[in-house]
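The values are calculated or read from the model by the stated rules, or taken from the named source; none is laboratory data. Since this is a predicted model, take the numbers as computed values, not measurements. Glycine also receives a Cβ, built like all others from the backbone with ideal geometry; neighbour counts cover every protein chain displayed. SASA here: full protein model, heavy atoms, side chains in, ligands and nucleic acids out. Shrake-Rupley method; radii C 1.70, N 1.55, O 1.52, S 1.80 Å.
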Amino acid sequence: MSNLHAVVTGSSSGIGHAIASAMLANGWRVTGLDVVAPTISHAAFTSVRIDLTDGDALVTAANSLGDVDALVHAAGILRVGNVGALDHASGELMWRLHVDAA
């Protein structure tokens, strides 16, 4: 088992799941940060259930991770609307998850 440790947000689905799975297959230890239940079962995988838009929870989780060699921020959501029609709350949520959480 490798001593390399990666943190992958959004590891429960999509790109984050694919990246976390590939890293595990290559001997990394992976901690997945997700708002939903884990979908990966592997001895070197640890799941942390967290809402990445909750700043206090994010700081607490980050402080508990120990040494981290890589961060893959793959968590994401998409809200769409016509130009000028997207509500502020949706735009703010995307910003908080995609930018602030990183």
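For first residues located in the range 1-15 and free of Cβ contacts under 8 Å to residues at least 40 places away in the same chain, partners that are of a type in the set (Ser, Thr, Tyr) and in a strand (DSSP E or B) and lie 6+ apart or on another chain with Cβ distances below 9 Å form the pairs SER12/SER47. Across the range 68-101, the qualifying residues are those that are open to solvent by 30 Å² or more (accessible area, probe 1.4 Å), among the small types (Gly, Ala, Ser) and at pLDDT 90 or above, and the one among them that is nearest to GLY10 (Cα to Cα) is ALA74.
Restricting to the range 23-54, name every residue that is more than 16 Å from HIS5 (Cβ to Cβ), surrounded by 12 or more Cβ atoms within 10 Å (Cβ to Cβ) and out of contact with any Asp or Glu (no Cβ under 6 Å at 6 or more places or on another chain). Result: ASP34, PRO38, THR39, ARG49, ILE50, ASP51, LEU52, THR53, ASP54.
For LEU65, the stated conditions hold: it is closer than 24 Å to GLY27 by Cβ and at pLDDT 95 or above. The single residue among GLY32, GLY27, GLY14 that is closer than 24 Å to GLU92 by Cβ and small (Gly, Ala, Ser) turns out to be GLY14. Given the criteria assigned to a strand (DSSP E or B) and not small (Gly, Ala, Ser), does VAL36 qualify? Taking the combined requirement at face value, the residue does not satisfy it. Is it fair to say THR31 is closer than 16 Å to ASP100 by Cβ and either of a type outside the set (Gly, Ala, Ser) or in a helix (DSSP H, G or I) (or both)? Considered against the rule, which asks whether it is closer than 16 Å to ASP100 by Cβ and either of a type outside the set (Gly, Ala, Ser) or in a helix (DSSP H, G or I) (or both), THR31 comes out as no.
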